[in-house]
Amino acid sequence: MLALLPVGTMGQEQTNHNLEVGKQLDIFNNVYRNLDLIYVDTLDPRQTITAALDGMMRSLDPYTEYYPESEKKNLEMMLTGKYAGIGALVKYHLGRKRVVIDEPYENMPAAEAGVRKGDVILSIDDSVMTDKQTGYVSSRLRGDAGTTFLLKVLRPSTGKEMKFRITRRNIKLPELPYYGVVAQADATDGKVGYIVLNQFTEGCAREVRNAFIDLKKQGVQAMVLDLRANGGGSEMEAVDLVSIFVPKGQLVVENRGKVRQASRRYETRLEPVDTVMPLAVLVSGETASASEITAGALQDLDRAIIIGSRTYGKGLVQVPLDMPYNTNVKITTSKYYIPSGRCIQAINYSKRREQGSEWREGSYKERIPDSLTHVFYTRGGREVRDGGGIKPDVEVKNDTIPNIAYYLSGAGLDSTEVMFDYVVDYISRHEQIAPPSAFRLSDADYEDFCERVLKSGFKYDLMSKKQFDELVKMAKYEGYYEQARDVFDALEARLRHDLKADLAKHSEVIRRLLEMDIISAYYYQRGTIEAGLNYDKQLKEAQRLLLNDIEREAILHPLSKK
């Protein structure tokens, strides 16, 4: 009798749940019918129902999303990395108040036609684009593969209007934009291979496998896999990527969901390429999802040293489902657990639902504190923890970017676009530049840039000045300001902008940003990656550890030394 009680209770709870679902759907249908009947304006059912569905999704988590028919291609692009278009990034130029070409992709229709960075988009066929926003222009540049259109642009460097007839084709963003042998400070050191993976789309594991085999033929003795800023993608691709480095039949990840179909174990199913070569994985706060499965599994299996900063912490799995009338929904169906048994999900969205609050942009800060996480163990007995992403074995933080460089790069609200415009002018005056690893701006070039900045009226926020203003407000509120006025005045004088001095003080970082932007116009993404190797602290630390057997083994197998 007692043994049957929980089953009966569960059955009653399910019945109550189903009744509540029916009740709420009936309420929704009746509310909409009455709105449609008597609301003062005629309702657009697609717009209204889509808004209701979006609101429902926002009450769950940021990964459960509804895709109306008009957005189905966005879902397909996210899953496959493919779309049909011209192969170029566009951006809104605040100074010109126009959409411009930001970056044509290598070997894609835009670049092949002769479109350049900085070209102002005037029209697409007969449709004027000068009063349109970025999303609208971008959607018109895309279309069915094989269709041809006339793109009209203004080239700022010459002031001439130009026309390009471009045929759209299937574009697949490069998931593996760069691999090669990393240059060593000492020629007697062993060769270290380096592979950058941008996303986990269809076929990426095969691309990494082929790159690794090629690097082995070139004689590398150690390997670095770069997953920084890789937001993830296909879980199965992550499993097949791990298969490159560990034996067949090893557990990589286990999904656990409410329904049986959402619960599954994934083991390596392919023969490995190399199970013993020293391996390091670079991670960052933007390493998420399938990237975390890869890094976490290699950490749990003691196969790789994880280097960088703590990862994002997405331990949820989504499945896309076809809905009626060519719509789709992407639903979070399970949590995943890597070989040690831990789930690295950083935010408990169910608690937010209990509190009746919706997920909003910026809520990523609500992470599970370390004090509430649990200890798990790698295959060799090292301690690892759940609930907050993958903590690297060796933490190496990136250099912070000074505020002036942040605003010059276009991330702030400055309307002059002075750095972007300088780069566009520079590439118009130079038919070619030195190879990526050797290119440097001359002192005269940097002086020219500084003069442009000073003449442009460029302004940027100083964080210290913001804090000072808050301190003044608080001092006035508490009544201390008048008696300390001289001190405040002296401090304010020291905190005033000195743009010329800041351009000189932070010249190294600003020069580097300029160089990277210029290099991308000539050598595309692979060029900026190659140039960045000269300054990459995390990569240099990975090289050092991979070529130091004693220190590397002390990290991966500390218990064997006791």
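The values are calculated or read from the model by the stated rules, or taken from the named source; none is laboratory data. All figures in this text were calculated on a predicted structure; none of them were measured in a lab. As a convention, Cβ positions derive from the backbone with ideal geometry for all residues, glycine included, and neighbour counts pool all protein chains shown. Surface areas here come from the heavy atoms of the whole protein model, side chains and all, with no ligands, DNA or RNA. Shrake-Rupley method; radii C 1.70, N 1.55, O 1.52, S 1.80 Å.
Considering only region 392-410, state which residues are open to solvent by less than 50 Å² (accessible area, probe 1.4 Å) and closer than 18 Å to S520 by Cβ. Selection gives A405, L408, G410. Looking at the structure I just gave you, is G87 at pLDDT 90 or above and on the phi > 0 side of the Ramachandran plot? Against the criterion (at pLDDT 90 or above and on the phi > 0 side of the Ramachandran plot), G87 qualifies. Tallying residues that are open to solvent by less than 10 Å² (accessible area, probe 1.4 Å) and either more than 16 Å from the chain's Cα centre (by Cα) or of a type in the set (S, T, Y) (or both) within region 301-314 yields 5. Does region 441-484 hold any residues that are open to solvent by 60 Å² or more (accessible area, probe 1.4 Å) and among the hydroxyl-bearing types (S, T, Y), and which are they? Those that are open to solvent by 60 Å² or more (accessible area, probe 1.4 Å) and among the hydroxyl-bearing types (S, T, Y): Y477, Y480. The residues in region 41-96 that are assigned to a strand (DSSP E or B) and not aliphatic (A, V, I, L, M) can be counted, and the count is 9.
Within region 16-35, residues that are under 15 Å from L53 (Cβ atoms) have Cβ atoms under 9 Å from residues that are assigned to a helix (DSSP H, G or I) in these pairs: F28/A52; Y32/P45; Y32/T48; Y32/I49; Y32/A52, counting only partners at least 6 apart in sequence or on another chain. Looking only at region 115-140, which residues are small (G, A, S) and in contact (Cβ under 8 Å) with a residue 24 or more places away in the chain? Hits for region 115-140 are G118, S123, S138. On the basis of being in a loop (DSSP other than H, G, I, E, B) and either surrounded by 19 or more Cβ atoms within 10 Å (Cβ to Cβ) or touching a helix residue (DSSP H, G or I) at 6+ places or on another chain (Cβ under 6 Å) (or both), does G118 make the cut? It is true that G118 is in a loop (DSSP other than H, G, I, E, B) and either surrounded by 19 or more Cβ atoms within 10 Å (Cβ to Cβ) or touching a helix residue (DSSP H, G or I) at 6+ places or on another chain (Cβ under 6 Å) (or both). The set of residues from region 210-235 being part of a helix (DSSP H, G or I) and on the phi > 0 side of the Ramachandran plot is empty. Just checking, does region 132-146 include any residue being β-branched (V, I, T), crowded, with 16+ Cβ neighbours inside 10 Å and assigned to a strand (DSSP E or B)? Checked region 132-146: no residue is β-branched (V, I, T), crowded, with 16+ Cβ neighbours inside 10 Å and assigned to a strand (DSSP E or B).
Candidates are the residues of region 223-250 that are aliphatic (A, V, I, L, M) and open to solvent by 10 Å² or more (accessible area, probe 1.4 Å); the one that is nearest to E286 (Cα to Cα) is A229. So in region 251-300, with the set limited to residues that are farther than 27 Å from L215 by Cα, touching a Ser or Thr at 6+ places or on another chain (Cβ under 6 Å) and open to solvent by less than 20 Å² (accessible area, probe 1.4 Å), which one is modelled with the highest pLDDT? By that ranking, first place goes to N255. Just one residue in the set L533, L539, L514 is touching a strand residue (DSSP E or B) at 6+ places or on another chain (Cβ under 9 Å), modelled with pLDDT of 95 or more and not polar (S, T, N, Q); that residue is L539. For region 121-131, the set of residues classified as surrounded by fewer than 18 Cβ atoms within 10 Å (Cβ to Cβ) and either under 23 Å from the mean Cα position of the chain (by Cα) or aliphatic (A, V, I, L, M) (or both) consists of L122, V128, listed by residue number.
Do we have any residue at all in region 335-352 that's among the small types (G, A, S), open to solvent by less than 20 Å² (accessible area, probe 1.4 Å) and closer than 21 Å to L251 by Cβ? No - not one qualifying residue is present in region 335-352.
Only one of the listed residues (V220, V196, V208) is touching a strand residue (DSSP E or B) at 6+ places or on another chain (Cβ under 8 Å), open to solvent by less than 30 Å² (accessible area, probe 1.4 Å) and farther than 30 Å from P109 by Cα. That residue is V220. Right, L35: closer than 26 Å to Y349 by Cβ and open to solvent by 60 Å² or more (accessible area, probe 1.4 Å) or not? Answer is no for this residue. Considering (1) closer than 30 Å to S520 by Cβ; (2) open to solvent by less than 50 Å² (accessible area, probe 1.4 Å), the lone condition that K82 does not fulfil carries the number (2).
Considering region 418-466, the residues that are basic (K, R) and in a loop (DSSP other than H, G, I, E, B) include one that is modelled with the lowest pLDDT, namely K459.
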